[in-house]
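Okay, so here's the structure we're looking at.
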Amino acid sequence: MLGSGGTDDTRRTDWNAWHDDYADPASALSARLAVVRSEIRLDLDRRAATGWAEPLTVLSACAGDGRDILGVLAERDGRLPGPVEVTLLETDRRNLERAERFCRETGLTGVRLGEEDAGWSGSYLGAAPADLVLMCGVFGNIADADVRRLIEFLPALCRAGATLVWTRSRRAPDLTPAIRDWLAGTGFTELSFTAPPDVLGSVGTHRFDGEPQPLPLDQRLFSFLR
Ligand SMILES: C[S@@+](CC[C@H](N)C(=O)[O-])C[C@H]1O[C@@H](n2cnc3c(N)ncnc32)[C@H](O)[C@@H]1O
């Protein structure tokens, strides 16, 4: 069936059902989540060592139901040295509803659910610059040129010293060497790159050591391919 935009909607991914693989603890997606959560825990632990007075800001683009950051915050159950403000940008309302339910059930506060297009620069107004930026499940769903454009845009999303956690499959042709080069050229220092030999997924964690940039409000950064 063709939608009004001329795209074949039957080929569009159901991004709510996409989360079903998380129900299987042995799935590649669950393994990836475990790495992402452990990188988030490390970042919070690093920051907790010195404490924070201002709210620590977290931004997740294409956040899904936000289970990476929300899961970690829920397990900390208020045992953090300061407030945390989270913004989830996500276009599938069902995923945001799941995030909202999770927050209600766990008592998590300080979470803004933005039903907004993360591929449009203006959607980040109020959420950027952030201390922790999550780009999980993004780089593998957009054109390579958009990955590069998005990386070049990251200095507008990051505070000085911000941490970026990103994921990308290494399915051939593997774009992760280029992604790591582009990040290095944009002021990011690699803290870790987890790429187990038995799976295609990989998770990178970088610190932003460059100069934060103003947020442009009118740029198209990317559109999902499927
Ligand atoms: C691969 S999933 C990743 C979800 C989550 N980050 C994770 O790792 O579990 C991609 C998500 O991006 C959302 N999405 C797609 N295009 C988007 C856009 N332009 N702006 C915001 N979210 C978008 C989808 O609805 C989907 O939930």
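The values are calculated or read from the model by the stated rules, or taken from the named source; none is laboratory data. None of these values were measured; they are calculated from a predicted model. Neighbour counts run over all protein chains shown; Cβ positions are idealised from the backbone, glycine included.
Pick from ASP14, ASP21: which is within 13 Å of the ligand (Cβ to nearest atom), part of a loop (DSSP other than H, G, I, E, B) and at pLDDT 95 or above?
Answer to the check: ASP14.
Given GLU90, GLU115, GLU85, which one is without any contact (Cβ under 8 Å) to a residue 40 or more places away in the chain, more than 9 Å from the ligand (Cβ to nearest atom), on the phi < 0 side of the Ramachandran plot and not basic (Lys, Arg)?
Of GLU90, GLU115, GLU85, the one residue that is without any contact (Cβ under 8 Å) to a residue 40 or more places away in the chain, more than 9 Å from the ligand (Cβ to nearest atom), on the phi < 0 side of the Ramachandran plot and not basic (Lys, Arg) is GLU85.
From (1) loosely packed, with under 12 Cβ neighbours inside 10 Å; (2) in a strand (DSSP E or B), pick out the condition that doesn't hold for ALA172.
(2) is the only condition that ALA172 fails.
So is GLY122 in a helix (DSSP H, G or I), surrounded by fewer than 14 Cβ atoms within 10 Å (Cβ to Cβ) and not acidic (Asp, Glu) or not?
Yes; evaluated as a whole, the condition is true for this residue.
Can you find a residue in region 190-200 that is buried (at least 19 other Cβ atoms within 10 Å of the Cβ), in contact with a Leu (Cβ under 9 Å, 6 or more places away or on another chain) and not polar (S, T, N, Q)?
Among the residues of region 190-200, not one is buried (at least 19 other Cβ atoms within 10 Å of the Cβ), in contact with a Leu (Cβ under 9 Å, 6 or more places away or on another chain) and not polar (S, T, N, Q), which makes the answer no.
Can you find a residue that is touching a Ser or Thr at 6+ places or on another chain (Cβ under 8 Å) and away from the ligand (no atom under 13 Å from the Cβ) anywhere in region 180-188?
no
Please go through region 31-63 and pick out each residue that is hydroxyl-bearing (Ser, Thr, Tyr) and either closer than 17 Å to GLY140 by Cβ or in contact (Cβ under 8 Å) with a residue 40 or more places away in the chain (or both).
THR57, SER60
When region 48-75 is examined, which residues are found to be in a loop (DSSP other than H, G, I, E, B) and more than 16 Å from the ligand (Cβ to nearest atom)?
Matches in region 48-75: ALA49, THR50, GLY51, TRP52, ALA53, GLU54, PRO55.
When you look at PHE102, is it farther than 28 Å from ARG79 by Cβ, in a helix (DSSP H, G or I) and among the aromatic types (Phe, Trp, Tyr), yes or no?
Spelling it out, it is not the case that PHE102 is farther than 28 Å from ARG79 by Cβ, in a helix (DSSP H, G or I) and among the aromatic types (Phe, Trp, Tyr).
Hey, any hits in region 153-162 for a residue that's within 16 Å of the ligand (Cβ to nearest atom), over 20 Å from GLY66 (Cα atoms), in contact with a Pro (Cβ under 9 Å, 6 or more places away or on another chain) and not β-branched (Val, Ile, Thr)?
Yes, region 153-162 contains at least one residue that is within 16 Å of the ligand (Cβ to nearest atom), over 20 Å from GLY66 (Cα atoms), in contact with a Pro (Cβ under 9 Å, 6 or more places away or on another chain) and not β-branched (Val, Ile, Thr).
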